[in-house]
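Below: one structure, written as structure tokens.
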Amino acid sequence: MIAANRVRTVFGALTCGLALTLGSTSAQADDGPVLVPIQRLALDYAVQAARVAIAECRKQGMNISVAVVDRGGTLQVLLRDTLAMPISAEIAEQKAYAALNFNSPTSAMEDRFTSPFSPGKLPGLIISAGAVPITAAGNIVGAIGVSGAPSGAVDEACAKAGLEAIGDDLEMAL
């Protein structure tokens, strides 16, 4: 009888220990890693994209502002061409911020936010053509926004030219 009780006690302790171990293992797996690596666009590439965007618009006789934001939405590069209107700098940054947060070119969102589905005014976001997200290996690493051309389509073409200038390097990044 005593031996049977010991076997039950040992078996019970092993069962409880196994349950606790499995429970803590699955809890850790569900919680994910403690730290995650974050890919960021290097400054030299952000500057290169911004310069190419300005050069593309200059070819067409336009002075624009271009903003590059990092994956957290923080301004990384802001260039305003000599004769670009001062307000274009803020607009370019807010377009880039919108493209980043929605992971979509802003031109693709213009029709999405019309009545009755408009989100209202969102501080810091301008949902107007002229910005594109920057991705590398399927991960968003930032966005580039342009403002100052006569149309959002031209703004976006200049932003895309900047993105294309670093596109090959982004594809090979990881």
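What the table shows:
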item: Which listed residue, of A67, A98, A92, is touching a strand residue (DSSP E or B) at 6+ places or on another chain (Cβ under 7 Å), farther than 16 Å from A46 by Cα and surrounded by 14 or more Cβ atoms within 10 Å (Cβ to Cβ); result: A98
item: Test: residue in the stretch 93-105 that is hydroxyl-bearing (S, T, Y), touching a Leu at 6+ places or on another chain (Cβ under 7 Å) and either modelled with pLDDT of 95 or more or more than 13 Å from A129 (Cα to Cα) (or both); result: yes
item: Residue match in the stretch 124-136 (condition: surrounded by 14 or more Cβ atoms within 10 Å (Cβ to Cβ), among the small types (G, A, S) and farther than 24 Å from Y45 by Cα); result: yes
item: V34, sole failed condition from (1) modelled with pLDDT under 90; (2) surrounded by fewer than 10 Cβ atoms within 10 Å (Cβ to Cβ); result: (1)
item: Qualifying residue in the stretch 80-88 (condition: assigned to a loop (DSSP other than H, G, I, E, B), modelled with pLDDT of 95 or more, in the same structural domain as A157 (by TED's automatic domain parsing) and crowded, with 20+ Cβ neighbours inside 10 Å); result: yes
item: Scan of the stretch 121-151 for residues that are in contact with an Asp or Glu (Cβ under 8 Å, 6 or more places away or on another chain) and either assigned to a strand (DSSP E or B) or at pLDDT 90 or above (or both), ordered by number; result: A129, G130, A131, V132, A136, V141, G142, G145, V146, S147, G148, A149
item: Where a residue in the stretch 112-131 is assigned by TED's automatic domain parsing to the domain that holds K160 and its partner, wherever it lies, is modelled with pLDDT under 70 and surrounded by 11 or more Cβ atoms within 10 Å (Cβ to Cβ), with Cβ under 7 Å and at least six apart; result: P119/F113; I127/F113
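The values are calculated or read from the model by the stated rules, or taken from the named source; none is laboratory data. Bear in mind that the values here come from a model prediction, so they are computed numbers and not experimental data. A quick note on method: Cβ atoms are made from the backbone with ideal geometry, for glycine too, and the neighbour counts reach across all protein chains shown.
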